[in-house]
Amino acid sequence: MKISFLLPCLIKIPVGGVKIIYRYAGELQKLGHEVTIISPKSEGYRLRHLIKAGAIRIRDRWHGVEDQPYYETPVGVEHLIIPAPDPKFIPDGDVLMATAWQTAFWVDEMPREKGEKFYYIQNLETYLGNAELIKSTWTLPLKKIVIANWLKKAAVEMGETAYGPVPIALDPAEFSTENPIESRSPRITMLYHRLPIKGGNEGIKILQSVKEIHPELKAVIFAARKPSVTIPDWIELRIRSDASQLKKIYNSTSVFLHTSHQEGWGLPPMEAMACGCAVVAAANEGVQEFITDGETGFLKPIGDVKALTEAICTLLDNDALRIQLAEAGRNAVQQFTWEKNVRQFELILKGEE
C-alpha cells in the first residue's frame with residue numbers, strides 16, 4: 001500500500017506523539033509498504049496562516065530551535081516538506097492519515113485519489129483551542145484509530161466507531177534498565193511543558209517540597225523548550241534531550257514524577273518505567289492505561305501537590321517499596337511491543353480488523 005501520514009506542521013522539537021508516527025512509518029515501510037511523511041510549513045495561504053508561520057519561526061529562533069525536522073526520517077520513508085496542505089502537494093495513494101485535529105479537516109477535504117481517509121487519535125486535544133471545534137473532528141467521515149481504551153470510550157459516547165485501541169509501544173533498544181534499581185540515590189526526574197494542563201509548575205512545587213524534607217535530594221527536569229518559570233539552581237535542566245540522553249537520565253533516577261492533568265497515554269512515564277524508575281503520577285486517563293495504583297506505580301489525584309509530595313517521600317523513605325514498584329512497573333510495560341502494534345495497525349489499514 002501507499003500510505004501517507006499528514007503532520008500538522010514541520011516538527012522541529014521533540015513531541016512524543018510525532019515520534020510514534022515516525023516509528024509507524026518506518027515499521028510499515030519494513031513490511032513492504034510505500035510510506036510518506038508530509039510536513040506543511042504553513043496551515044494555508046491566508047494572511048493569518050502566513051503570520052502564524054512567521055511567528056513560529058521567530059519563536060524558534062529565540063529558543064535556539066533549528067529550522068529542520070527534529071526526528072530523523074526512517075530509512076526508505078519519504079519526507080515531503082510542503083508549503084501548505086494543498087492537494088497538489090499530496091501524493092496519490094491508498095491511505096491518507098490525519099495525525100492531529102487540524103489535519104483531520106485537511107484530510108476530510110482531500111480528493112479520493114489521495115487515499116482512504118484515516119484519523120490516528122492519540123488524545124482528545126480540546127486543551128489546544130476551541131473545544132467544540134476540536135471535538136467535531138471526531139465526527140468527520142474518517143476511519144478512526146485510537147491508542148487507548150478511554151479514547152475508544154470517548155468515541156462511543158459521541159456515537160462514533162473507533163478501531164483499536166492500538167497502544168503505545170516501547171523499543172527495549174531505546175529504553176531499558178542498565179543501572180541497578182536497588183543502588184539508585186534519591187533523585188527525581190520530571191518532564192516540564194509550558195502548557196498549564198501539563199502541570200509543570202505544580203511539579204516544581206512538589207520538587208521543592210520534597211527537597212525540604214530530603215535535603216540530599218537531586219532532581220532533573222527535561223523539556224523541549226526553556227521553561228517559562230525560574231528553575232531552582234539545585235535542579236538540573238536539560239533541553240531537547242534525545243533518546244540516548246533520556247535513557248541515561250532515567251537510569252540515574254529513582255523516582256519519576258508525572259504531573260500532567262490530561263494525557264492520551266503518557267509516553268515519558270512509560271519510558272521511565274522501562275528504565276527502572278518508580279513512577280508517581282497524577283491519575284490522568286492516559287497513565288491509567290498502563291499503571292495500576294499501588295502495584296506498578298503510585299497514582300494520586302490530579303493537581304494534588306500534597307498527595308504527590310507525600311507519595312514521593314513514601315518511596316524515598318522506603319527503599320524496599322520503591323524497588324518493588326519499580327520492578328513491577330518495568331515488567332508491566334514490557335508487554336507493549338512494536339511487533340504486535342504494527343501488525344494490528346496494518347490489519348486495520350487493510351480492512352482486516
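The single condition among (1) more than 25 Å from V15 (Cβ to Cβ); (2) in a helix (DSSP H, G or I) that E216 does not meet is (2). For the range 45-71, a residue qualifies if it is crowded, with 16+ Cβ neighbours inside 10 Å and either aromatic (F, W, Y) or on the phi > 0 side of the Ramachandran plot (or both), and the qualifying residues are Y70, Y71. Collect the residues in the range 180-208 that are surrounded by fewer than 16 Cβ atoms within 10 Å (Cβ to Cβ) and assigned to a loop (DSSP other than H, G, I, E, B), keeping them in residue-number order. P180, S185, R194, L195 - these are the residues of the range 180-208 that are surrounded by fewer than 16 Cβ atoms within 10 Å (Cβ to Cβ) and assigned to a loop (DSSP other than H, G, I, E, B).
State yes or no: is P232 without any contact (Cβ under 8 Å) to a residue 12 or more places away in the chain and either in the same structural domain as G286 (by TED's automatic domain parsing) or not in a loop (DSSP other than H, G, I, E, B) (or both)? When the stated conditions are applied, P232 does not pass them. Looking only at residues of the range 126-149 that are farther than 26 Å from Q344 by Cα and part of a loop (DSSP other than H, G, I, E, B), we find that the one that is modelled with the highest pLDDT is N130.
Here's the yes/no breakdown for (1) touching a helix residue (DSSP H, G or I) at 6+ places or on another chain (Cβ under 7 Å); (2) part of a loop (DSSP other than H, G, I, E, B); (3) of a type in the set (K, R); (4) assigned by TED's automatic domain parsing to the domain that holds P227:
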site: I56; (1), (2), (3), (4): no, no, no, no
site: R59; (1), (2), (3), (4): no, no, yes, no
site: D92; (1), (2), (3), (4): yes, yes, no, no
site: M97; (1), (2), (3), (4): no, no, no, no
site: T103; (1), (2), (3), (4): no, no, no, no
site: M110; (1), (2), (3), (4): yes, yes, no, no
site: L151; (1), (2), (3), (4): no, no, no, no
site: A154; (1), (2), (3), (4): no, no, no, no
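Close contacts from the range 150-167, counting a first residue that is under 19 Å from L349 (Cα atoms) and a second that is surrounded by 12 or more Cβ atoms within 10 Å (Cβ to Cβ) and among the aromatic types (F, W, Y), with Cβ to Cβ under 6 Å and a gap of 6+ residues or different chains, come to E160/W138; V166/F345; P167/F336. Of all the criteria given as (1) closer than 29 Å to N284 by Cβ; (2) in contact (Cβ under 8 Å) with a residue 40 or more places away in the chain, the one not satisfied by T137 is (2).
The values are calculated or read from the model by the stated rules, or taken from the named source; none is laboratory data. What you see is a predicted model; the values in this text were computed from it and never measured. Note that each Cβ is placed from the backbone with ideal geometry, even for glycine, and that neighbours are counted across all protein chains shown.
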